[in-house]
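Participant: I'd like to ask you about the structure that follows.
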Amino acid sequence: EPSLFQADGVHVLTGPIYVEDAEPGDVVAVEILDLKPRPNQDGKTYGSNAAAWWGFQARNDKADGTPYYPGGFMGNGSDPTLPNDETVSIYELDPSGEYATLNYMFKWPFLTDPKGVLRNYYAFPGTCVPHDYPGFSSKVTDMGWTKDETRGIEYNFDPFPAKIPINMHVGC
């Protein structure tokens with residue numbers, strides 16, 4: 001849903017992109033020669049991973065044997081009585097580009113998008129989350145994304161320590 005996004009677009013690798021002299025209907029061949037993380041204004045680089053309705057996690061029980069609940073995506077709408085195990089993990093990439101460390105995690109909240117649709121699941125890539133704590137940009141709420149203030153967002157700022165090798169790729 002590109003109409004919901006501003007700034008860099010849905011995804012900086014997949015677009016939308018501008019190609020000089022291209023016209024609607026043109027076919028564009030792209031050869032990716034190199035991938036590099038894009039540092040933020042502090043020179044740090046972050047990545048994320050969503051354990052959401054589309055992945056392996058959503059089709060299997062959790063490690064303790066209990067079912068994985070993918071929020072309202074599986075046909076139950078945005079029913080607030082149903083659990084949602086969708087979790088987003090934020091990683092900081094090492095400057096060497098060789099590994100990432102787990103920075104923090106958060107449970108997916110109930111969100112209303114700029115079109116007024118309430119969801120308790122990660123609907124599509126690029127979904128913006130208006131976070132609860134200081135230091136996060138107000139641009140997300142300025143774009144029209146809101147969360148259910150009665151629930152807030154459940155954070156884990158002390159996740160298990162891990163260094164994850166980086167395998168830069170485009171797509172799944």
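The values are calculated or read from the model by the stated rules, or taken from the named source; none is laboratory data. Small disclaimer: the values here were computed from a predicted structure and weren't measured. Every residue, glycine as well, gets a Cβ built from its backbone with ideal geometry; the counts of neighbours run over all protein chains shown. Quick note on the areas: whole protein, heavy atoms, side chains included, nothing else; ligands and nucleic acids left out. Shrake-Rupley method; radii C 1.70, N 1.55, O 1.52, S 1.80 Å.
Participant: Could you derive backbone 3J(HN,Hα) for region 110-122 from the dihedral phi with the Karplus parameters 6.51, -1.76 and 1.60 (θ = phi - 60°), listing whole Hz in sequence and x where the residue is Gly or Pro?
Facilitator: 6, 10, 10, 7, x, 8, x, 8, 8, 9, 10, 8, 6
Participant: Under a point spin-label approximation (7 Å from Cα along Cα-to-Cβ), what is the Asn156-Val27 distance to one decimal in nm?
Facilitator: Label-label distance for Asn156 and Val27, simple model: 4.6 nm.
Participant: In what order, largest first, do Leu93, Leu35, Leu118 sit by accessible area if the probe radius is 1.4 Å? Kindly include the intermediate steps, with their values, before the conclusion.
Facilitator: On the way: Leu93 30, Leu35 50, Leu118 80 Å².
Descending order: Leu118, Leu35, Leu93.
Participant: Continuing with this model, one more query. What FRET efficiency would be calculated for the residue pair Asn167, Asp42, taking the C-beta separation as r and a Förster radius of 25 Å, to the nearest 0.05? Walk me through the numbers on the way to the answer.
Facilitator: Working: r = 25 Å, r/R0 = 0.99.
Step by step, r from the Cβ atoms, then E = 0.50.
Participant: How about Lys107: which lysines have a C-alpha closer than 26 Å to its C-alpha, ignoring those fewer than 8 places off in the same chain?
Facilitator: Within the straight-line cut-off, Lys107 pairs with Lys44, Lys62, Lys115, Lys139, Lys147, Lys163.
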